[in-house]
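Here the structure is laid out as structure tokens; the discussion comes afterwards.
The values are calculated or read from the model by the stated rules, or taken from the named source; none is laboratory data. Fair warning: this is a prediction, and the values are worked out from it, not measured in the lab. Virtual Cβ from ideal backbone geometry, glycine too; neighbours counted across all protein chains shown. For accessibility, only protein heavy atoms count, side chains too; no ligands or nucleic acids. Shrake-Rupley method; radii C 1.70, N 1.55, O 1.52, S 1.80 Å.
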Amino acid sequence: MIKPDAVADGNSGAILKMIEEAGFRIVALKLTSLSEERAGQFYEVHKERPFYNDLKRYMSSGRIMAAVLEKENAVADFRKLIGATNPAQAEEGTIRKKFAKSIEANAVHGSDSDENAQLEGSFFFSGLEMYA
Ligand code: CMP
């Protein structure tokens, strides 16, 4: 997912380019937005964390771009490409190093397991959209 600040700043094209250049195939893509309630559902695993309410507000503050990506070893390689959650710790050459503004407004989200990638893909896309 490309988060609201990155979409609003006009960085989604540059981020998608970095993703494609790193060898990922975009198999589904959508410009959309989340209500606070939907954002809360997406980040349900974090509901006990102190940043959950802020995160819901931030994630519903503007348009986001949802994508399903395909590659060998996609989950681990995508996490490498995006860099650390906190951009202060993100390595040179990562998407977050380049585009993230803070630990919250950190430009992109990546799934943390194959199972969550399936669930998160289905959160945004129908089977037909993902496997067209
Ligand atoms: P993401 O990788 O999408 O997963 C959870 C999100 O919560 C994270 O990126 C940030 O946008 C946000 N967040 C805000 N504060 C924190 C924090 N202290 N630790 C982790 N994630 C945070």
Would a scan of the range 21-40 turn up a residue that is within 12 Å of the ligand (Cβ to nearest atom) and either within 17 Å of Thr85 (Cα to Cα) or of a type in the set (Val, Ile, Thr) (or both)?
-> no
Of the residues that sit in the range 32-59 and are of a type in the set (A, V, I, L, M, F, W, C) and either open to solvent by 90 Å² or more (accessible area, probe 1.4 Å) or touching a His at 6+ places or on another chain (Cβ under 8 Å) (or both), which one is nearest to Gln118 (Cα to Cα)?
-> Val45
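Which residues, counting only those in the range 99-114, are within 16 Å of the ligand (Cβ to nearest atom), of a type outside the set (S, T, N, Q) and either part of a loop (DSSP other than H, G, I, E, B) or surrounded by fewer than 19 Cβ atoms within 10 Å (Cβ to Cβ) (or both)? Spell out the reasoning first.
Filtering the range 99-114 down to residues within 16 Å of the ligand (Cβ to nearest atom) leaves 99-113.
When the remaining residues are screened for being of a type outside the set (S, T, N, Q), the result is 99-101, 103-105, 107-110, 112.
If the condition is that a residue be within 16 Å of the ligand (Cβ to nearest atom), of a type outside the set (S, T, N, Q) and either part of a loop (DSSP other than H, G, I, E, B) or surrounded by fewer than 19 Cβ atoms within 10 Å (Cβ to Cβ) (or both), then Ala100, Lys101, Ile103, Glu104, Ala105, Ala107, His109, Gly110, Asp112 are the ones that fit.
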Which residue pairs have Cβ atoms under 8 Å apart, sit 6 or more places apart or on different chains, and have a first residue in the range 63-79 that is under 14 Å from Glu115 (Cα atoms) and a second that is of a type in the set (Ser, Thr, Tyr)?
-> Val75/Ser111; Val75/Ser113
Residue pairs meeting the criteria (Cβ under 6 Å; at least 6 apart or on separate chains; first of a type in the set (Ser, Thr, Tyr), in the range 37-54; second near the ligand (Cβ under 8 Å from one of its atoms) and open to solvent by less than 90 Å² (accessible area, probe 1.4 Å)) = Tyr43/Leu55; Tyr52/His46
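Looking for whichever is among the aliphatic types (A, V, I, L, M) and either outside any helix (DSSP H, G or I) or more than 16 Å from Pro4 (Cβ to Cβ) (or both) here; the options are Leu119, Leu55. Which one fits?
The conditions single out Leu119.
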Test Ala66 against the stated conditions and say whether it is open to solvent by less than 60 Å² (accessible area, probe 1.4 Å), among the small types (Gly, Ala, Ser), part of a helix (DSSP H, G or I) and closer than 30 Å to Glu21 by Cβ.
-> no
Among the candidates Gly93, Gly127, Gly83, single out the residue that is open to solvent by less than 50 Å² (accessible area, probe 1.4 Å) and within 21 Å of Asp5 (Cβ to Cβ).
-> Gly83
